[in-house]
Amino acid sequence: MDKENRKIKISPIRNGTVIDHIRKGQALKVVKILGIMKQDTDSVVSIAMNVDSSSGKKDIVKVEGRELLREELDKISLISPEVTVNIIDDYVVKAKHRVKLPGTIKGIVRCRNTTCITNQKEPVEPEFLVIHEKPVSIKCIYCERETKGEEISENLR
Amino acid sequence: MFNKDHVVSIREFEREEIDTILDHAVKMVPIARGEKKSLELEGKVLATLFFEPSTRTMLSFEIAMKRLGGQTIGFANPSQSSVKKGETLADTVRMASSYADIIVLRHPQEGAARLASKFSSKPVINAGDGAGQHPTQTLLDLFTIKEEKGRISGNHIGIAGDLKYGRTVHSLTHALSMYGGEMTFIAPEGLQMPDELTGELEREGIGYHKTEDLESVIDQLDVLYMTRIQRERFPNEEEYEKVASSFNLHRGMLDDVKDDMIIMHPLPRVDEISPDVDDTKHARYFQQAANGVPTRMALICLLLDRNRGL
């Protein structure tokens, strides 16, 4: 696909956040992790999937009118560590950064161990320690079971 | 050194803390045997919250508390408690910690003890949470090795049975990795010690071997730790019988073992140790179970001491 075509499909936004280089097929999960649709927001959210890029296919998510917080965005690295985030101000990239995996993950992933106490009706959010970054591996602080790779995206809450 | 507020997992312990508990447990032995009286915990109450039955563990904690002059409350059967009405573990623990000074929890779900420790205002001791942790079992195992062999490090320890799924042997292997020595894992194919745990031994520079043949290594061991092989791990009865029979320790297998070799088992046993081993000089499994009392006494005292005046 030539450059001209790509521009038409993915129009620039005036202000907001562009989450780029999302692993192919993961855009909806990124939206889910960020909880964008759950929040009371009027922001226009555009999702582009299977977009051509220099390194193959990728997904893109754009959130207009909102500058997402870095801590929120870092959660994405659980399922797509190559993501880059562009903060757009009046059509200009004001800031650009990579996501970084936080030390602990709370409330986003459920424990894959069905007999873990966090999968019962208890007033706690599942919580994990990140024990390995590449590939991502996390350990439940309750039952100590490890979850890695695909299992993480399969267990998003 | 002892700076724990709760005892949830053996993995949270430094070697120095384990040594402190074991040193303290030695002093508790005459009190545990009833040879010496103590009122150290007079006025203190221990709550046993047993969401699944475990008679030996519960009695052992109750005796430990009572020998030190303390009292116990609790339940051994959740069907008689508010749990049956749908109360969360969090609420049960919050309530119990407002009544008692220390809580002992047994629960069928993994991670239950960690959750309890977050909602309890008093120390929580994990007495087994599902296939998860059972740290006091590991402590009494270590205490037994130390009492019987004079020290924990430097022994050749053989662990036999279902090493893949057994939580007791995983915790023990982790704890032994802090001490050093030589280890041999004796298990049927497919039930060997997971790489995650042998990896820990490698990192600590501890030599280990794996074998399926108990008889070929038994005469080299200082300690033989037997565990049960569960029927449900095998596709059919025939397969199980074949494997189980080779892991059935009987008197005839002890002819060439070291004179001071000891045999341990977390109990209950089924067929893996024949009753004709019980009265040999090597059998220590009943002593091991008895050691649960001084070990738990030490732990209760250390936890309450730390929390005194808070």
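The values are calculated or read from the model by the stated rules, or taken from the named source; none is laboratory data. Treat the numbers as computed from the prediction; the structure is a model and nothing was measured. Cβ sites come from the backbone with ideal geometry, for glycine too, and all protein chains shown count toward neighbours. The accessibility values were calculated without ligands, DNA or RNA, using every heavy atom of the protein model including side chains. Shrake-Rupley method; radii C 1.70, N 1.55, O 1.52, S 1.80 Å.
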For B:Lys85, the lysines lying under 17 Å Cα to Cα, once residues fewer than eight places off in the same chain are dropped, come out as A:Lys121
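Select from the stretch B:242-310 those trypsin sites (Lys or Arg not before Pro) which occupy a DSSP coil region and have at most 12 other Cβ atoms within 10 Å, ordered by residue number.
On the way: sites: B:Lys242, B:Arg251, B:Lys258, B:Arg269, B:Lys281, B:Arg284, B:Arg296, B:Arg306, B:Arg308; in loops: B:Lys258, B:Arg269, B:Lys281, B:Arg284, B:Arg308.
For trypsin sites (Lys or Arg not before Pro) across the stretch B:242-310 that sit outside H, G, I, E and B with at most 12 neighbouring Cβ atoms in 10 Å, the list reads B:Lys281, B:Arg308.
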Contact-by-burial set, the stretch A:106-151, min loss 40 Å², accessible area of protein heavy atoms with 1.4 Å probe, reference chain alone, gives A:Thr115, A:Ile117, A:Glu122, A:Pro123, A:Ile141, A:Tyr142, A:Glu144
Residue by residue through the stretch B:18-32, the couplings from Karplus 6.51 cos²θ - 1.76 cosθ + 1.60 with θ = phi - 60°, in Hz, x for Gly and Pro, are 4, 4, 4, 4, 5, 5, 5, 5, 4, 5, 7, 4, x, 6, 4
In whole Hz, the Karplus estimates of ³J(HN,Hα) for the stretch B:148-155 (6.51, -1.76, 1.60; θ = phi - 60°; x where Gly or Pro) are 7, 9, x, 7, 8, 6, x, 8
Once both label points are put 7 Å beyond Cα along the C-beta direction, the A:Met37-B:Glu239 separation in nm becomes 4.3
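Given a 1.4 angstrom probe, I'd like the percentage of the accessible area of the stretch B:158-310 that is carbon and sulfur, rounded to a whole number.
Accessible surface attributable to carbon and sulfur in the stretch B:158-310 totals 44 percent.
Grab the other residues whose beta carbon is less than 11 angstrom from that of A:Arg66, score K and R as +1, D and E as -1, and report the net.
On the way: positive: A:Lys62; negative: A:Asp42, A:Glu64, A:Glu67, A:Glu72.
Net charge around A:Arg66: -3.
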Here FRET efficiency (C-beta to C-beta, A:Val92 to B:Ser246, R₀ 51 Å, nearest 0.05) is 0.10
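Calculate the mean, over all residues of peptide B:15-27, of how many other protein chain Cβ atoms lie within 10 angstrom of the residue's Cβ. Don't skip to the answer; put the middle values down first.
Details: counts 0, 0, 0, 0, 0, 0, 0, 0, 0, 0, 0, 0, 0.
Mean inter-chain Cβ contacts per residue within 10 Å come to 0.
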The stretch B:189-210 scanned against label point 7 Å out from A:His132 along Cα→C-beta; backbone N under 18 Å for B:194-204
Reported to the nearest 10 Å², B:Glu14 has, with a 1.4 Å probe, an accessible area equal to 100
In order over the stretch A:91-108: 3J(HN,Hα) from phi, Karplus 6.51/-1.76/1.60, θ = phi - 60°, whole Hz, x for each Gly or Pro, gives 6, 10, 6, 7, 8, 9, 8, 8, 7, 10, 5, x, x, 10, 10, 10, x, 9
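With all protein chains present and a 1.4 Å probe, how do A:Ile141, A:Ile117 order by accessible area, largest first?
Numbers: A:Ile141 30, A:Ile117 0 Å².
Highest to lowest solvent-accessible surface, that is A:Ile141, A:Ile117.
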Under the rule rounded for a/c under 1.5, else prolate if a/b exceeds b/c, else oblate, using alpha carbon gyration tensor axes a ≥ b ≥ c, the stretch B:116-171 is classed as oblate
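Could you state how much accessible area is buried at the A-B interface, both sides summed, with a 1.4 Å probe, in Å² to the nearest 100?
Roughly 1300 Å².
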Note on the protein assembly as shown, DSSP bridge orientation, antiparallel percent to nearest 5 equals 50
Within the set B:Glu147, B:Glu16, B:Glu87, GNM on chain B using Cα springs under 10 Å gives the largest fluctuation to B:Glu87
Probe 1.4 Å, all chains present, heavy atoms only: A:Cys143 accessible area in Å², nearest 10, is 20
The answer for A:Lys24, listing residues at least 5 apart or on another chain whose modeled amide H is closer than 5 Å to its amide H, is A:Asp59
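Would you rank A:Arg145, B:Arg114 by solvent-accessible area, highest first, keeping every protein chain in place and using a 1.4 Å probe? If you can, show how the numbers build up before the last one.
Values: A:Arg145 90, B:Arg114 40 Å².
I get A:Arg145, B:Arg114, largest accessible area first.
Quote the FRET efficiency, to the nearest 0.05, computed for B:Lys37 versus B:Tyr99 with a Förster distance R0 of 30 Å and r equal to the Cβ-Cβ distance.
Numbers: r = 26 Å, r/R0 = 0.88.
Efficiency at R0 = 30 Å is approximately 0.70.
Quick one: compute the contact order of chain A, relative version, from alpha carbon pairs under 8 angstrom and 6+ residues apart, as a percent. Write down the numbers at each step before the final one.
Working: 292 pairs, mean separation 32.6, N = 157.
Once divided by the residue count of chain A, the mean separation gives 21 percent.
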Summing +1 per Lys or Arg and -1 per Asp or Glu among the other residues with Cβ less than 14 Å from B:Val104's Cβ gives +2
Averaged over residues of B:118-124, the number of beta carbons from other chains lying within 10 Å of each residue's Cβ is 1
Counting only residues 5 or more apart in sequence or on a different chain, those whose built amide H sits under 5 Å from that of B:Tyr208 are B:Met183
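State the percent of C-alpha pairs, over all pairs in the stretch B:136-289, separated by a distance greater than 29 angstrom. Before the final figure, lay out the partial values.
Working: 1157 of 11781 pairs.
Taking all Cα-Cα pairs of the stretch B:136-289, the fraction more than 29 Å apart is 10 percent.
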Net charge near B:Arg233 (other residues with Cβ under 11 Å of its Cβ; Lys, Arg +1; Asp, Glu -1) is 0
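Kirkwood hydrodynamic radius, computed over distinct alpha-carbon pairs, for chain B: how many Å, to one decimal? Can you show the working numbers first?
Numbers: mean 1/r = 0.0496 Å⁻¹.
When all Cα pairs of chain B are included, the Kirkwood radius is 20.2 Å.
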Mean 1/r over distinct Cα pairs of the stretch A:3-98, inverted to a Kirkwood Rh in Å, yields 13.4
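Calculate for chain A the 222 nm mean residue ellipticity that helices alone would give, adding -39,500 (n - 2.57) per DSSP H run of length 4 or more and normalising by residue count, nearest 500 deg cm²/dmol.
Working: 4 runs with 25 residues, N = 157.
Helix contribution divided over all residues of chain A: -3500 deg cm²/dmol.
So for the stretch B:1-80, if I pair up every lysine 8 or more residues apart or on another chain, how many of those pairs have alpha-carbons under 14 Å apart? Don't skip to the end; give the middle numbers.
Details: B:Lys27/B:Lys36; B:Lys27/B:Lys37; B:Lys36/B:Lys66; B:Lys37/B:Lys66; B:Lys44/B:Lys66.
Taking the stretch B:1-80 as the scope, the lysine pair count is 5.
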